[in-house]
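So the structure is just underneath, and the comments pick up after that.
The values are calculated or read from the model by the stated rules, or taken from the named source; none is laboratory data. Every value quoted in this text rests on a predicted model; they were computed, and no experiment measured them. Cβ placement follows ideal geometry from the backbone for every residue including glycine, while neighbour counts extend to all protein chains displayed.
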Amino acid sequence: MRRSHLRFLVVSMLGVLALVVAACGGSDNDSSSSGGSSTSSSKSSSGGSAGTDNTKAANVQGKKGGTITMLAGSDVDFLDPGRSYFTQGYMVIYPTQRTLYSFKPQDSAKPVPDLAESDPEISADKKTITVKLRSGVKFSPPVNREVTSKDVKYSFERFFSENVGGQYGAYFSSIVGAPSSPTKGVKPISGIETPDDHTIVFHLKDASAVPVAAALVMPITAPVPEDYAKKFDAKNPSTYNTHLVATGPYMVKNDAKGNAIGYKAGKSIALVRNPNWDPKTDYRPAYLDAVNIRTNSSDANVASKQVLDGQSMLFDANPPANIIKEVATQIKDQYVQIPSGGYRYFPINTTIKPFDNINVRRAVLAAFDRNAARLARGGKFTADIPTHFLPPDFPGFDEAGGYDGPGYDFLSTKNESGDMALAAEYMKKAGYPSGKFTGNQEFLMVSANVDPNKAQAEVAKAQFEKLGFHIRLRLVPQDSVYNDWCQVRSKKVAVCGGAGWFKDFADPQSMLEPVFAGYTIPKNPDALNNNMAQLRDPKVDAAMKKAALLDGDERLKAWGEIDKMITGDAPAIPFVWDKTTLIRSKNVNGVANGYYTAWDFAWTSLK
């Protein structure tokens, strides 16, 4: 999952009242520079060479022109910037859309004005944010007009409608008039004002301007023209996803009516140049003429070899473990590895018996061989093994216990390969005298049908079965894992066979609230739900709401304590603090974007 992906440093923002934060999908190590977050732990990340230097690659003067083909094992979640929340979607959205703020690939800790012309202005009481838009940014055909502040306002309003169904509304819930539940149709939000065509003002209910301003790098801020999109948004679900217009250097190929003929669901996405893009208004070089994405390359081993041996090709992300080992030890000039700024985990559905029992969940964590799950993703070349959720080099990491973690025996550095004796003790506390589960029911686990997710799910299945659980593993296409299964409560998935959460902004709130806050669970059991463990801990929820309004050291300490509380609830098995590995053909100057931890098509070029 993405993640999504802000990359600002919220804490340092307090001193200058300017954007400084960092999501569905990567990260960087500069987060430790934010005030109040010490990351002086002596433990170093395990793994091999970092491969191609991404910063150096981003600074190379690329060759203009050419087409690149990217092989991917799955489709995007959505192309619609109001709906997408996963890395694959972000990888297409950011080269095709202008968000208010975004990140250069060589510095994913400091945002730069994109559609905005300068940093946001934050009032002294932190209840008002004013953003000025730059002139000269135009929509692609068939709209062909300049973007105005009203287009950004409409993008926020449609996000909250049930037809669009934006997934991270909690970050913007403090805007005056922001809906507390999805609206029927697109409704005005009174707290968003547009005094002129190039100014947008956000009025807040409380002093939460810092995290709200931080979130202005997210796709919700990409403008959507109401005069064009309204007819698509009137349908449920909205069909704007296949009729988009672009503001970035590229666009999904469309016809004269705006139909996205370049998008074939589950098969391919064709990106071409946006004829209305003006390079004088943008910091992106946009070297390539076109990008062809094949989203049905289901055999990751074959696709990876094609990329390494071929020409003008990229592989989506995280090839199989054997390929990662090969590039890390033998083909060191054809890969980039960047910290993901997040964690991978197996959510346990806390509403399904006996997983509603905290001691059963703790037993599962105690028995779980997390190193075996890491090996399925590539072993030491890909990740560190977690003891809690907030990742290394991230605000709040040390406050949550650093590498050693909160000190729970069921999730420690001492039992990375599992401890069956300890697991048996917890099962006995849960009412199972034998130390194992003795029921006959079958539990559904869902995972992707491609490696490395398939391999890690098979490991997870074996770990649950060690404790006597009967697991039915259902393998589905990657793009179906979340939208059709794990995120849909009515499907009653007991264990998601591998999820990932990556920062929406470099602040602990973005790592913990969407995934574990009970108040984020939608009422509709068929609506998409990021809290896949369905954890509802009133103490955690109360602590999150209080911590959201804190600043500086106090904020980091509070979110560190929340991380400890969640870890103690054992709603999921965190098995890696991972790094994202990206491979390319030899003639490609591949540049990764550390924000959404994927290839950046607007900076990548042919040699």
Breaking point among (1) crowded, with 19+ Cβ neighbours inside 10 Å; (2) in contact with an Asp or Glu (Cβ under 7 Å, 6 or more places away or on another chain); (3) modelled with pLDDT under 95; (4) part of a loop (DSSP other than H, G, I, E, B), for Pro211: (4)
Considering residues of the range 214-242 that are hydrophobic (A, V, I, L, M, F, W, C), under 24 Å from the mean Cα position of the chain (by Cα) and not in a helix (DSSP H, G or I) only, the residue farthest from Lys503 (Cα to Cα): Val224
Strands (runs of 3 or more DSSP E) (entirely within the range 243-323) containing at least 1 residues that are surrounded by fewer than 22 Cβ atoms within 10 Å (Cβ to Cβ): 268-273, 290-294
Residues located in the range 451-478, provided they are in a helix (DSSP H, G or I) and over 16 Å from Gly500 (Cα atoms): Glu458, Val459, Lys461, Ala462, Gln463, Phe464, Glu465, Lys466
Test: residue in the range 506-528 that is within 24 Å of Gly402 (Cα to Cα), within 19 Å of the chain's Cα centre (by Cα) and part of a strand (DSSP E or B): yes
Residue that is surrounded by the most Cβ atoms within 10 Å (Cβ to Cβ) [pool: residues in the range 479-500 that are assigned to a strand (DSSP E or B) and hydrophobic (A, V, I, L, M, F, W, C)]: Val495
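Quick one: which residue in Asp255, Asp289, Asp282 is farther than 24 Å from Asp77 by Cα, charged (D, E, K, R) and out of contact with any strand residue (DSSP E or B) (no Cβ under 7 Å at 6 or more places or on another chain)?
Only one candidate qualifies: Asp282.
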The range 206-222 residues that are over 21 Å from Arg98 (Cα atoms), paired with ones that are hydroxyl-bearing (Ser, Thr, Tyr) (beta carbon under 8 Å, 6 or more apart): Asp206/Ser174; Ser208/Ser174; Ala209/Ser123; Ala209/Thr128
Residue match in the range 156-172 (condition: under 29 Å from Tyr287 (Cβ atoms), buried (at least 24 other Cβ atoms within 10 Å of the Cβ) and in contact with a Pro (Cβ under 8 Å, 6 or more places away or on another chain)): no
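Is it true that some residue in the range 348-358 is of a type in the set (Val, Ile, Thr), part of a helix (DSSP H, G or I), modelled with pLDDT of 95 or more and over 22 Å from Ser447 (Cα atoms)?
yes
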Hits in the range 85-106 - residues which are assigned to a loop (DSSP other than H, G, I, E, B), modelled with pLDDT of 95 or more and hydroxyl-bearing (Ser, Thr, Tyr): Thr99
